[in-house]
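Here the structure is laid out as structure tokens; the discussion comes afterwards.
Taken together, the values in this text are just the output of simple stated rules run on the coordinates, not laboratory data. Given the structure is predicted, the values throughout are model-derived calculations rather than measurements. Neighbour counts run over all protein chains shown; Cβ positions are idealised from the backbone, glycine included.
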Ligand code: ADQ
């Protein structure tokens with residue numbers, strides 16, 4: 001190490017999944033800005049990532065990818081059903097997203113959630129060097145902070161919730177609500193995407209545990225928990241660079257030609273999740289074709305839906321409903337060789353995704369509820385041409401920052417149709433002004449800045465000033 005380099009404390013990250021996927025030659029980093037931002041930081045600090053490989057019963061030994069140590073946590077096939085698909089994705093996920101679907105509350109699933117969280121805490125306790133920093137991610141691991149602190153009070157523990165934290169009125173339905181709040185209070189820094197998540201959590205801590213809170217600091221017997229807001233972002237430079245590439249430009253022209261060179265390409269890109277409002281957006285598109293405000297010869301929609309959580313019934317139902325709607329709309333308005341809705345139930349490569357963003361004149365991001373929504377930010381970053389309109393739900397975290405989008409309440413079908421018409425008919429000058437505003441906003445904060453802000457706040461956590469008694 002040279003004299004100018006600052007020694008960094010090793011950082012340990014825990015997330016349900018390891019940041020890698022299996023390839024023909026072994027392992028490669030998973031796609032996505034979060035992994036791209038965190039891996040170099042782990043490598044430089046000599047850190048480790050603790051998580052599941054994604055394969056049931058996979059008891060892989062520790063290994064390393066691109067110089068980063070990975071510590072697998074084994075999860076059995078039965079636990080995948082109970083802890084992951086069950087408690088996490090059929091219990092917590094709907095509850096944390098405005099109870100859009102009925103949650104399952106099942107004590108066998110809860111027991112598996114506790115057991116897997118304990119396994120993560122044990123793995124972290126065994127791996128972490130003295131006084132290191134541990135950063136735990138997301139709703140699958142909310143008990144880990146407390147379980148880890150009980151074993152290792154020398155560690156500095158941070159937690160970031162990628163999804164919304166619900167209002168107390170909804171959260172209090174959860175039979176294990178106090179255990180979850182106690183679990184999260186094991187950390188020194190607790191981060192949320194939006195101010196609303198922080199406020200909701202603090203209220204739950206007050207109502208359920210009579211927590212003593214001053215200025216977003218919660219007093220615990222052994223330590224303080226600082227509650228903060230850290231809106232996540234994307235790797236802006238990577239998206240822009242790919243968007244500017246010659247191959248991307250060629251692919252964009254090819255995509256538009258294949259779509260029949262329509263006047264306006266409307267685009268949706270989401271995991272096929274019922275929180276994302278895909279059906280609603282298709283219905284709005286159909287209503288506008290019906291009323292004649294959109295014309296199938298001039299306006300074409302592309303909906304990319306990534307396969308996800310296919311073992312969970314709500315997701316199977318959602319897929320059937322979306323595919324039924326696509327079939328109905330195409331049956332009615334398509335012409336031979338020219339469907340009016342192009343539907344891809346596929347995971348696309350990064351370059352193809354960016355070419356599609358560039359090909360999209362109007363991007364429809366209409367979730368009922370979303371922690372942030374990175375697609376909205378990626379679309380703006382990809383539009384280096386300065387054109388394109390983003391229609392964005394007020395219920396996505398991104399709406400706090402992306403105020404130059406056409407913001408809409410997706411529950412209001414008239415408002416949604418009106419927002420689509422506004423976007424399609426928007427004058428070029430206004431489009432460019434709004435896109436400039438969106439791009440200026442995302443330039444202010446990329447995913448690296450997000451991670452740096454969280455970690456520097458976490459680093460400072462043990463030095464929080466004592467709270468004056470009020
Ligand atoms: P997600 O619910 O997965 O994330 P989102 O933020 O939109 O939602 O991220 C999806 C990512 O997957 C994007 O980076 C997108 O490019 C990619 N993607 C989507 N469809 C794809 C496809 N067909 N092929 C390839 N890639 C595809 C959760 C929360 C969000 C929060 C993020 C990050 O639900 O609210 O923004 O975590 O904190």
Helix 313-333 axis, angle to the chain major axis (alpha carbon atoms, nearest 10°):
10 degrees
Only helices counted: for the chain, with every DSSP H run of 4 or more residues adding -39500 (n - 2.57) and the sum spread over all residues, [θ] at 222 nm is -12500 deg cm²/dmol
Alpha-carbon centroids, region 58-92 and region 204-247: separation in whole Å:
23 Å
How big is the gap, in Å, between the Cα center of region 400-457 and the Cα center of region 6-40?
29 Å
Provide 444, 276 in ascending order of the number of other Cβ atoms located within 10 Å of each residue's Cβ, fewest first.
444, 276
If you average the sequence gap of Cα pairs under 8 Å that are 6 or more apart and divide by the length of the chain, what percent do you get for the contact order?
13 percent
Degrees separating the helix 428-443 axis from the principal Cα axis of the chain, which is the longest one:
10 degrees
If each residue's Cβ is checked for other Cβ atoms within 10 Å, how do 20, 116, 213 rank with the fewest at the top?
213, 20, 116
Working note, the chain: Cα radius of gyration (Å, one decimal) and Dmax (Å, whole number) are 22.9, 74
If the viscosity is 0.890 mPa s and the temperature 25 °C, what translational diffusion coefficient in µm²/s does Stokes-Einstein give for region 236-444 when Rh comes from Kirkwood over Cα pairs?
144 µm²/s
Nearest-5 percent of antiparallel DSSP beta bridges in region 236-444?
5 percent
Take every Cα pair under 8 Å in region 236-444 that's 6+ residues apart, average their separations, divide by the length, and report that relative contact order as a whole percent.
24 percent
Could you work out the mean projected area of the convex hull around the alpha carbons of region 1-80, in square nanometres to one decimal?
6.1 nm²
Hey, rough spin-label estimate for residue 394 and residue 258, points 7 angstrom out along Cα→Cβ, what's it come to in nanometres?
3.8 nm
Here the FRET efficiency for residue 216 versus residue 415, based on Cβ atoms and R0 = 35 Å and rounded to 0.05, is 0.55
For region 148-238, what is the per residue volume of the convex hull drawn over the alpha-carbon atoms, in cubic angstrom?
120 Å³
In the chain, what percentage of the DSSP-assigned beta bridges are antiparallel, given to the nearest 5?
25 percent
Can you tell me the orientation of helix 413-425 relative to the chain, as the angle in degrees between its alpha-carbon axis and the longest Cα principal axis, to the nearest 10?
70 degrees
Separation between the residue 21 and residue 298 pseudo-spin-labels, each 7 Å from Cα along Cα→Cβ, expressed in nm?
3.9 nm
For 312, 65, which order do you get if you count the other beta carbons within 10 Å of each Cβ and list the fewest first?
65, 312
Mean separation of Cα pairs under 8 Å and 6+ residues apart, divided by the residue count of region 98-167: what relative contact order is that in percent?
33 percent
Could you state the orientation-averaged shadow area of the convex hull built on the Cα atoms of region 368-454, in nm² to one decimal?
5.6 nm²
Protection-proxy order for peptides 36-43, 124-131, 9-16, each taking the mean of Cβ atoms within 10 Å per residue, highest first:
9-16, 36-43, 124-131
